[in-house]
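Have a look at the structure below, then the notes.
The values are calculated or read from the model by the stated rules, or taken from the named source; none is laboratory data. Predicted, not measured: the structure shown is a model, and the values here were computed from it. Here the Cβ positions follow ideal geometry from the backbone for every residue, glycine too, while neighbour counts run over all protein chains shown.
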Amino acid sequence: MVRPTLPLLLAPLALLAAAGCRAPDARTLLDDALERRGGRSVYESAGGAVRTERGELRGIPYEATLSFREPNQLRHSFRLAGIGPEITQVFDGRAAWQSMDGRTSRLDAADARVLRNRAMDETSFWMVGLDDPNLTTERLEPSTFRGREVESIRVHHWTGYARVLHFDPETGDLVGAEGNTWTPFGREYLETTYSGFETFDGLRLPTRIEVHSGEEVHSAADVVSWSIGALPDAAFRLDG
């Protein structure tokens, strides 16, 4: 199986809205960041998003389109330059599927876990209004992340999904996320940075995403477009 293009993307702010599962100072940080990035009503009404991007994965150019919807649905279509056909992977909230060369198959438990975690990462930008009692959060002391000052929160889900989220103190932008993540090669500790924030349909979203393992850059992507809005159920199904 081809490794997913970006194993980490924005860890889910949306799922952090469980008031009973976090300390008041964590809630204060999140609510403040939310307001400065577009406001709760804008995020709650968005419903879903589609992102197109171009980048490099371990030095190999690629193009990708990602569609995602609350609470954890993902459709990821990508093509590596000079390596095989386009591949589409879908996580419908319960099971994971892959389509390539007209053949559709259900992914095994290990690959489904990779895609499920990816889906939870991707739903961050509009799910901020969703209450999830399965999440716990902890406000951390101010620190630095890859050379910049940040305010941070640790989040954990009962499935084992865990991230540390880093916010810019001035803008409220989510500028980084880190943690162990499942990949086709096992668990890896990865750091993701987000930059070049612009406003799309009332939401502040990044236009540059990089994934690091130490000093090595696993992948780097430039966002071509964001489209914010409701997505049909069919977007998260594959024929076959």
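Which one of these is closer than 18 Å to Glu149 by Cα, touching a residue at least 40 places away in the same chain (Cβ under 8 Å) and within 18 Å of the chain's Cα centre (by Cα): Ala177, Ala230, Ala221?
On the way: Ala230 fails: closer than 18 Å to Glu149 by Cα; Ala221 fails: closer than 18 Å to Glu149 by Cα.
The conditions single out Ala177.
I'd like the residue in segment 35-65 that is hydrophobic (A, V, I, L, M, F, W, C) and surrounded by fewer than 21 Cβ atoms within 10 Å (Cβ to Cβ) and, out of all such residues, is farthest from Glu151 (Cα to Cα).
Initial filter on segment 35-65 (hydrophobic (A, V, I, L, M, F, W, C)): 42, 46, 49-50, 57, 60, 64.
The next check asks that each one be surrounded by fewer than 21 Cβ atoms within 10 Å (Cβ to Cβ); those that pass are 42, 50, 60.
Working: Val42: 23, Val50: 28, Ile60: 34 Å.
Only one residue tops the list, namely Ile60.
May I ask you to list the residues in segment 191-240 that are of a type in the set (Ser, Thr, Tyr), modelled with pLDDT of 90 or more and in a strand (DSSP E or B)? Let's see the steps before the verdict.
From segment 191-240, those of a type in the set (Ser, Thr, Tyr) are 192-195, 199, 207, 213, 219, 225, 227; that's our starting set.
Filter once more, keeping what is modelled with pLDDT of 90 or more: 192-195, 199, 207, 219, 225, 227.
Residues satisfying the conditions are Thr192, Thr193, Tyr194, Ser195, Thr199, Ser219, Ser225, Ser227.
Given Thr52, Thr65, which one is free of Cβ contacts under 8 Å to residues at least 40 places away in the same chain and of a type in the set (S, T, N, Q)?
Details: Thr52 fails: free of Cβ contacts under 8 Å to residues at least 40 places away in the same chain.
Going through Thr52, Thr65 in turn, the sole match is Thr65.
When Thr137 is evaluated against the numbered criteria (1) touching a Ser or Thr at 6+ places or on another chain (Cβ under 8 Å); (2) within 25 Å of Gly93 (Cβ to Cβ); (3) in a strand (DSSP E or B), which criterion, by number, is the only one it fails?
(1)
For segment 84-106, name all the residues that are part of a loop (DSSP other than H, G, I, E, B) and under 22 Å from Gly48 (Cβ atoms).
Residues of segment 84-106 that are part of a loop (DSSP other than H, G, I, E, B), as a first pass: 92-95, 101-102.
Asp92, Gly93, Arg94, Ala95 - these are the residues of segment 84-106 that are part of a loop (DSSP other than H, G, I, E, B) and under 22 Å from Gly48 (Cβ atoms).
Sort out which residues of segment 207-220 are surrounded by 13 or more Cβ atoms within 10 Å (Cβ to Cβ) and either under 14 Å from Ser77 (Cβ atoms) or of a type in the set (Ser, Thr, Tyr) (or both), and write them in order of number.
Across segment 207-220, the qualifying residues are Thr207, Ser219.
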